[in-house]
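The values are calculated or read from the model by the stated rules, or taken from the named source; none is laboratory data. All figures in this text were calculated on a predicted structure; none of them were measured in a lab. So basically every Cβ, Gly included, is an ideal-geometry build from the backbone, and we count neighbours across all protein chains shown.
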Amino acid sequence: MSAETIVDCLQRHARERPDAPAVVSLDRAVSYRELHALAGGCAAWLASLGVEPGERVGVSIADSLAHLVVALGLASLGAAHATFATHDPAPSRSRLAARLGVRRIVAIHDADRLAGLDLVTLDPERMAAWARREPALLARPDPSALFTFFTTSGTTGEAKIIPILHGRLVQQFSRAWTGCRLTLTSPEYHFAKRGFLYAVLGGSAIAIRGSSDLPAARLCAALGADTIVCMAAHARELVAEAGQTGRLPPGTVVQFSGSRSSAPMRRELLEHVCDGVAVTYSMQECGSIARTVERSVGDVSESVGRPHPGIEVEIVDERGTPLPHGEIGEIRIRAPGMATGYVDDERADAMHFRGGWFHPCDLASFSPDGSLVIHGRADDVMNLNGIKIAGVEIERALERHPAVKAVAAFPLRSVHHGEIPAAAVELTGGLRSDERELQRFAREALGLRAPRRVMIVETLPTTPQGKVDLRRLAEMLTGKARD
């Protein structure tokens with residue numbers, strides 16, 4: 001485990017490069033000196049309210065800078081924090097508070113109060129006063145102490161909670177993408193939050209939209225961002241914007257986070273939007289495992305690149321025996337800084353953490369050059385009358401249709417047949433197709449493993465963490481969708 005913490009890094013950057021930008025938007029630029037002062041002011045304020053080392057505090061703040069400041073202030077006190085996203089329903093946040101033993105929440109708005117918990121209201125004017133202070137030396141947390149919690153964003157069931165220790169986060173950062181990243185989402189989304197934390201660890205700037213409604217291309221140019229981090233929904237917006245404002249500045253890379261990116265979408269981005277698309281294989285338990293950057297339409301493939309140096313990746317059969325390159329099996333991982341278990345979830349621990357390995361339940365293979373190819377989740381394999389069908393093979397087959405932009409495969413539960421394969425499809429703008437044509441196309445490629453139902457949707461619905469909401473799609477197709 002690393003002996004450094006994010007507080008150590010913040011203080012070093014503030015001391016050695018005080019005027020370097022930390023958080024930038026068109027509204028303002030916050031230097032590392034100012035960020036240090038803000039974190040120190042926040043820590044002193046929270047301590048005066050009785051926040052103690054080892055306490056677990058909820059943070060319900062959508063504003064990017066304020067969220068980061070509170071996270072750093074709590075870290076300096078030795079307190080851990082959990083994100084209680086303002087866009088999540090109150091019952092969901094209350095369940096998370098109960099599972100973590102949270103007694104109080106820091107928020108900006110009274111509407112984010114939760115019954116039975118103390119509300120600590122952060123006034124923006126208070127933050128402005130902290131920024132004007134001379135920075136004070138921050139207390140240093142223990143590298144083995146809890147820093148925060150990430151949750152998995154699965155489409156079904158209760159989320160698994162991952163404890164993140166200070167030292168382990170620093171180890172995960174060693175594999176992170178560097179540069180000035182423009183993030184189009186709030187740090188209430190865990191994949192975006194990593195970007196904010198990694199920026200502080202590395203002393204780089206993170207760019208945010210703030211109150212600006214400028215197109216992304218102009219925003220990148222104005223803020224000096226060389227990477228845009230986005231979900232699939234934002235990628236669609238980038239394509240639409242490019243038709244009006246042109247491509248992103250030369251060299252700009254689009255990095256997908258939160259969900260799998262389809263090959264047609266990446267080709268469209270390279271053709272019309274950007275000079276590179278970063279394809280990553282990562283997870284909250286381990287951080288980044290592999291990454292590749294596609295620079296042309298000809299580069300687009302199903303590979304996620306070679307594993308980072310220092311990471312052990314094996315593809316194994318059901319007995320745990322390593323398989324040769326080219327064979328599909330379950331992936332297992334050993335990585336510096338990876339988690340060793342979940343919060344109070346023995347069943348999930350037994351499933352995912354075995355013998356010093358992390359098992360994400362993904363199916364994968366190695367290509368001849370050592371690149372990793374992900375073939376979907378082991379638990380996403382559907383069983384139709386004894387026929388095993390991987391959702392990803394349906395998705396990849398339909399993605400080859402020229403009119404298809406994005407696909408999500410999912411099962412429809414059947415008492416008589418088990419799981420009936422279905423698919424929802426987004427069409428590429430300006431091109432037409434219909435369900436019957438898409439079913440025929442899939443049947444020619446997959447035979448009996450083709451989807452029995454195909455539904456065309458304007459936009460694939462997503463969970464708050466950016467993954468396709470498969471439960472919602474099944475409800476839409478069976479006519480039981482919620483309002």
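Quick check: is even one residue across region 203-215 within 30 Å of VAL373 (Cβ to Cβ) and touching a helix residue (DSSP H, G or I) at 6+ places or on another chain (Cβ under 9 Å)? No - not one qualifying residue is present in region 203-215. Checking each residue in region 330-361 for being part of a loop (DSSP other than H, G, I, E, B) and aliphatic (A, V, I, L, M) picks out ALA335, MET338, ALA339, VAL343. Every condition in (1) assigned to a helix (DSSP H, G or I); (2) over 22 Å from the mean Cα position of the chain (by Cα); (3) under 23 Å from ARG194 (Cβ atoms) holds for SER92 except the one numbered (2).
In region 1-20, of all residues being assigned to a loop (DSSP other than H, G, I, E, B) and of a type outside the set (Gly, Ala, Ser), the one that is modelled with the lowest pLDDT corresponds to MET1. Scoring MET382 on the criteria (1) more than 18 Å from MET265 (Cα to Cα); (2) buried (at least 17 other Cβ atoms within 10 Å of the Cβ); (3) modelled with pLDDT of 90 or more leaves a single failure, condition (3).
Just checking: which of the strands (runs of 3 or more DSSP E) contained wholly in region 384-481 hold 3 or more residues that are within 26 Å of MET231 (Cβ to Cβ)? Here the list reads 404-414, 418-427, 453-456.
Condition check ((1) crowded, with 23+ Cβ neighbours inside 10 Å; (2) within 15 Å of ALA139 (Cα to Cα); (3) touching a residue at least 12 places away in the same chain (Cβ under 8 Å)) across all residues:
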site: THR5; (1), (2), (3): yes, yes, yes
site: ASP19; (1), (2), (3): no, no, yes
site: ALA22; (1), (2), (3): yes, no, yes
site: SER25; (1), (2), (3): no, no, yes
site: ARG33; (1), (2), (3): no, no, yes
site: GLY40; (1), (2), (3): yes, yes, yes
site: ALA47; (1), (2), (3): no, yes, yes
site: GLY54; (1), (2), (3): no, yes, yes
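Annotation note: of GLU426, GLU435, the sole residue that is surrounded by 12 or more Cβ atoms within 10 Å (Cβ to Cβ) and more than 25 Å from the chain's Cα centre (by Cα) is GLU435.
Scanning region 270-329 for residues that are touching a Pro at 6+ places or on another chain (Cβ under 9 Å), in a strand (DSSP E or B) and aliphatic (A, V, I, L, M) turns up MET283, ILE289, ALA290, VAL313, ILE315, VAL316. The requirement of being within 21 Å of TRP177 (Cβ to Cβ), surrounded by fewer than 17 Cβ atoms within 10 Å (Cβ to Cβ) and modelled with pLDDT of 95 or more is not satisfied by PRO336.
So that you can scan it fast, the table gives a plain yes or no per residue for (1) at positive phi; (2) among the basic types (Lys, Arg):
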{"position": "THR185", "(1), (2)": "no, no"}
{"position": "GLY203", "(1), (2)": "yes, no"}
{"position": "PRO215", "(1), (2)": "no, no"}
{"position": "ILE228", "(1), (2)": "no, no"}
{"position": "ARG267", "(1), (2)": "no, yes"}
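Just so you know, in region 108-138 the residues that are in a loop (DSSP other than H, G, I, E, B) and among the basic types (Lys, Arg) include one that is farthest from LEU68 (Cα to Cα), and it is ARG113.
Looking at region 321-341, can you tell me whether even one residue there is over 25 Å from ILE161 (Cα atoms) and among the charged types (D, E, K, R)? The answer is yes, given that some residue of region 321-341 is over 25 Å from ILE161 (Cα atoms) and among the charged types (D, E, K, R). Tell me, yes or no, whether region 68-77 has at least one residue that is touching a Ser or Thr at 6+ places or on another chain (Cβ under 8 Å), in a loop (DSSP other than H, G, I, E, B) and either outside the structural domain of ARG218 (by TED's automatic domain parsing) or surrounded by fewer than 22 Cβ atoms within 10 Å (Cβ to Cβ) (or both). Checked against the condition, which is being touching a Ser or Thr at 6+ places or on another chain (Cβ under 8 Å), in a loop (DSSP other than H, G, I, E, B) and either outside the structural domain of ARG218 (by TED's automatic domain parsing) or surrounded by fewer than 22 Cβ atoms within 10 Å (Cβ to Cβ) (or both), region 68-77 yields no hits at all. Can you confirm whether ARG449 is over 13 Å from VAL407 (Cα atoms), of a type in the set (D, E, K, R) and in contact with a Pro (Cβ under 8 Å, 6 or more places away or on another chain)? The answer is yes for ARG449.
Here the strands (runs of 3 or more DSSP E) wholly within region 190-258 that include at least 1 residues being free of Cβ contacts under 8 Å to residues at least 40 places away in the same chain and within 24 Å of GLU285 (Cα to Cα) are 253-256. Take region 110-139 and flag every residue that is surrounded by fewer than 16 Cβ atoms within 10 Å (Cβ to Cβ), under 28 Å from the mean Cα position of the chain (by Cα) and in contact (Cβ under 8 Å) with a residue 40 or more places away in the chain. Correct list: PRO124 only.
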